[in-house]
Structures are given as structure tokens and as C-alpha cells.
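Since the structure comes first, as C-alpha cells, the remarks are kept for the end.
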There are 2 protein chains.
Amino acid sequence: MCQEFASGNGSNNRRTLAQAGVHRQPIAGIAGSRDRGAESVVLSGTHGDDDHGDVIIYTGEGALDPQTGHQTHDQQLTRGNAALAASAATGLPVRVTRRITMGSQAGSYRYDGLYRVEDYWSEQGPHGYRVWRFRLVQLPAAEQNEVAQPTPTPTADANIRERNDHPRSVSSVQRVVRSTAIANLVKRMHDYTCQVRGIRLQGATGGYAEAAHIRPLGSLHGGRDTIENVLCLCPNHHVLLDQGMLIINNDHTVVNRADSTVLGHLRETADHRVDRQHLAHHRVHHALPTDEAAQ
Amino acid sequence: MCQEFASGNGSNNRRTLAQAGVHRQPIAGIAGSRDRGAESVVLSGTHGDDDHGDVIIYTGEGALDPQTGHQTHDQQLTRGNAALAASAATGLPVRVTRRITMGSQAGSYRYDGLYRVEDYWSEQGPHGYRVWRFRLVQLPAAEQNEVAQPTPTPTADANIRERNDHPRSVSSVQRVVRSTAIANLVKRMHDYTCQVRGIRLQGATGGYAEAAHIRPLGSLHGGRDTIENVLCLCPNHHVLLDQGMLIINNDHTVVNRADSTVLGHLRETADHRVDRQHLAHHRVHHALPTDEAAQ
């Protein structure tokens, strides 16, 4: 899982990576496309990433002044950033290569295996402009060679079709839906009916709904497992909320970010009220630069 | 994770388990309810379960002649069976206790920790009648004490509310959506548009859809990762298909099993045709005793 590449000056090293087929993009840190997802990222050790080894909070690309290296405007969810977001949606893993910054190998690059994009969001960066952040989690050792590899080229569809009768299926996790005791309580309060449009899926043994934490759980985002931070949603609206495509305003109108249409009015019950601060956090968490009004 | 209970005759032992709060149902193998899910199951070692330690294919309850122990009609998705199905939908874990059948401890019971209901289906049992089967997978050691515990009593909602400001959130996996290179190809073929009703979710960087393997992958069900075995669905219809609530007939009408309404007509493309054998397998895989016509 760990492979080092010859030392040398930076551009030669990156060229070596490109020639080895590990990272095909000789300049940008993210190789891939919006359609296919990201193939690989390179951590330069100088870009504001939080690197914890098996978990990386990777900062997106763009909006830097080439002379000073300072950020001069908001990063967009385009190019490499859109590729990483697409990887989160498809579940396909991303190759991670690190630039070694210390010791005798300093300046060389090391391939460190496959990671999954588990989450992404936008936040204010150190220069006052918005950056995109991506949470990358290393796949377990057993899956490093078994999962579907990142798709390298647009012509790969033909190759996939040829392998169509391949007996071994390689799968990757696209999405994990979690629940908690609090979440199950909120679902029962709403009788498994989506708070956005009133859809109630009838599962094999009763209603089926999913609980969405408005402000994500965990120390990174500070969300708590309380009923005021949970919505009862159908899976379709849960996906849209998690991707930041549902905006819930303080008056509880639910807006589809894709086309600005109003989808409905968030339904509450006497027992279950949503905390507006969490809604505000969600709007900012997924904010696009064009969303001034929504913040 | 492993705790033995005093030897003795069968009924005394089961009473001991009930008194210890491990398994509250002194006779049936499955304790729980359709609303809350299953709290615990007991493996007697005589009930046709396939026990692989960390993975158990557990046979549902009911339809046995009390005199002969032979199955005399189809098992229903009710009572304990419905409770296990509900556990699959909520993601809450289930306690597993095994009856020891050999050695000096034979006849006693051992608590073996928390398992998750990953899948369930119906199939023909050894006596010619349908049985329900549940795939239980042991939680990793690290999660044995951390995840949300099975909810023991209907009055627990009040307790949960009281713990509402508890800073530590305990989550369980409700649903895992997997993808493969083939699955992603099928999604692109349909431009991320659901084949049932034509819904296309607009995600942050493009369309979002999920791929459903009609016949599940793996040696247990024999499904293969080929485009003829994959559907492109919106998350809502994916959930319903996985729970056996969407029936797709050979003429491609899609029927909602809950109320027998026709939801639509499965859309195909020139490049992507679905294999009717896989559709037939899916109908039988989730068959209810009342589904004669659909088989």
C-alpha cells in the first residue's frame, strides 16, 4: 500500500507520479472529473490539510493568487472540488499520495492507498474566503485491493462492459445511513412520514423513514443527538439534505437549491420542534458563494 | 461479550436468561415487537440455523406442529419475524444468545454479544413450506458497547427523552448503499433517472441515483454484478425494492405490494435490458404467502 517515488525537484517528481499512472494531473492536487469523480489527490503538506493518517480533512483547490499563494476569493464547487464531491456520491475510492516533508526522503512522494470521501462542506478559510473541505477516510486493509478502482478514463465504459461477465464483484460503499435511539424516537413521533412533503413509505413491517441530523454529529461539526437536531425524512429528501440541496429557511419553507423552487413547508408536531440555529448552521455548512441571501 | 448462565433443565435455563434481562421471552426464540424491533434471539442449535459464528442465517419462527416439530404451513412475517425485519429497518442491534450443545456446559446458555440484521428474505424450507431467513452479522468488538442498545420496553421513550441532552451519541447503521463500477455505468446510462417513476434527484455536482442489484450479490443469493441484474433507482424506490415492497412483473409493470397499485412501467434503454429471471427471483425472494399470483 505504500510506494515511494524517486526524489528530485518538485516538477520532476510530479511528472514521475503521472508517468507511473498514480496521479495523472501533473500540476493540480486533485485529478479526476465532475462526471467520474476524483481518481487521486496529492497532499503537499503545505495546503492547510488536517492530516491524521487514516483520516484527512482535505482542503479543496482554487482561488489562490499564484504570486502570493493567498486566497483572493471563494472556492467554487467546480473542477477538482466537484470531482471529490462526485466521489462522495458514487462511493468510488480515491488514491492518496503524500509528499514527504521531512527526513532523507523529503521532497519525494509516497502512494498511501485508497480513501473514501465520506463528507464535504464549505467553511470560511484562513484568509476570510470560503473553502471546500473533504473528509477522506482510509479503506480497511482488506479492501485496499478488492474494491472498485477509481475509473481512470472516459473510455473505460467499454472496458467495464467487456468485463461484464466477470464473476467477482467489487463493491464500494456509496452511502451509510445511521440511526440512534433519538433518531428512532423522532421517526415514531412523525409516524415515519417525511417532514418535507408528507411521503410515507410502506416497508415490509411498517413505515420506513430515515433520520437526518441537521448539524452533523461528532466533534468536527459539533452536532448533538437531540430531537431538536433531527428531521424525519424520506430517503430522497435525506440525500438532498445531506448534499446541501435542500435549504430550510427560518420560516420553515424548504427550497430546492438546484432550481430555487419551494418544495414545501417543514412540518412540525407539538412534541417535536427544530432548533433554528441548527438550520442556520446547515445553510452555511453547504453554502455556495451565490447563496448570500440564504445566509 | 461472552457470559454463561447456570446449567439446568431447559425451562429453568430460559427462565434464568429472562431474569438476567438478556432475553425477556421465556419460550419463543425471538423477543421483541414489530414496532420496536427485536431485542434478542436465542439459538437453540436445533432449529435449522446456519451458524458461522460472526454470521448467522437465522430461521424465523412459527408454523411448527407442537407435537412433531414439523412445519405444517408457511411462516408469516409477523410477531418475532416482523420484529427482526423491523431491526433491519432501524439498524438497532440484536442480542444473540447461544444454547451450548456439546461439552460439560451442554444445555446452558451463553450471551454472545450484539448482531445487526443485514438482510432477510423468504425461501422454501425443508418441509416444503416457506420460512423467513435473517442474516445476522456480529458488530465489531469496538462497537459492542458503544452502539445504541436494543430498546427493551415501550416506556423507554420517556427515558430516551430524559437522556436527550446526553453529550455522547450512540449510532447504529440503518442502511448501507453499495455501488460497483457496473452499477455506476448503469446509473450513467439512465442519466441518474429512476427507472420506476422517472424521478431525477439533482445533487450538488450532478444527478444522484442508486444502483440496486435485483438478485443480491454474493454466494448466498447468487446474484452477479452484470448490467442485466442492476436497476437505476431513486433512493425511495431502492428502499422499497430491497424490502420486497416493489414487485416488478415480466411485463415490466411495477406494483406496490402494500396496496397493489401500479406505480409505473419499468423504463429500459436500448443499451440496458433487465433479465426476467432476476425479476422472477426477486419476486420469490420476498414472497409473502398471499403472493401466489405473483410467483
Highest average packing first - A:107-115, B:77-85, Cβ atoms within 10 Å: B:77-85, A:107-115
Chain A, rotation onto B, residue closest to that axis via Cβ, with its distance in Å: A:PRO235, 2
Label point 7 Å beyond Cα along the C-beta direction, distances from A:PRO126 to other copies (nm, shortest first): 6.8
Label geometry 7 Å along the beta-carbon vector: B:GLY206 inter-copy distances in nm: 4.0
Other protein chain Cβ atoms within 10 Å, averaged over every residue that makes up B:83-94: 4
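Fewest to most neighbouring Cβ within 10 Å: what's the order for A:TRP132, A:TRP121?
A:TRP121, A:TRP132
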Cα gyration tensor, region A:181-271 - rounded (a/c under 1.5), prolate or oblate: oblate
Ranked B:THR72, A:THR97, criterion: other C-beta atoms within 10 Å, fewest first: B:THR72, A:THR97
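Per residue of A:217-228, what is the mean number of Cβ atoms on other protein chains within 10 angstrom of that residue's Cβ?
The per-residue average across the peptide is 3.
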Per-residue HN-Hα couplings for region B:109-121 [Karplus 6.51, -1.76, 1.60; θ = phi - 60°; Hz; x = Gly/Pro]: 10, 10, 6, 10, x, 9, 10, 10, 7, 8, 6, 7, 6
In Hz, Karplus ³J(HN,Hα) per residue of region B:50-65 (6.51, -1.76, 1.60; θ = phi - 60°; x = Gly, Pro): 9, 10, 10, x, 7, 10, 10, 9, 9, 8, x, 10, x, 6, 9, 6
Calculated label separations, B:LEU217, copies of the chain, 7 Å along the beta-carbon direction, nm: 2.6
Inter-chain shielding of A:197-207 (mean C-beta neighbours from other protein chains, 10 Å cut-off): 6
Burial ordering of A:VAL274, A:VAL41, fewest other beta-carbon atoms within 10 Å first: A:VAL274, A:VAL41
Contact order normalised by residue count of region B:181-294, Cα under 8 Å, 6+ apart, percent: 25 percent
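Read the figures in this text as sums done on the coordinates, not as results from a lab. No experiment lies behind these values; they were computed from the predicted model shown. As a convention, Cβ positions derive from the backbone with ideal geometry for all residues, glycine included, and neighbour counts pool all protein chains shown.
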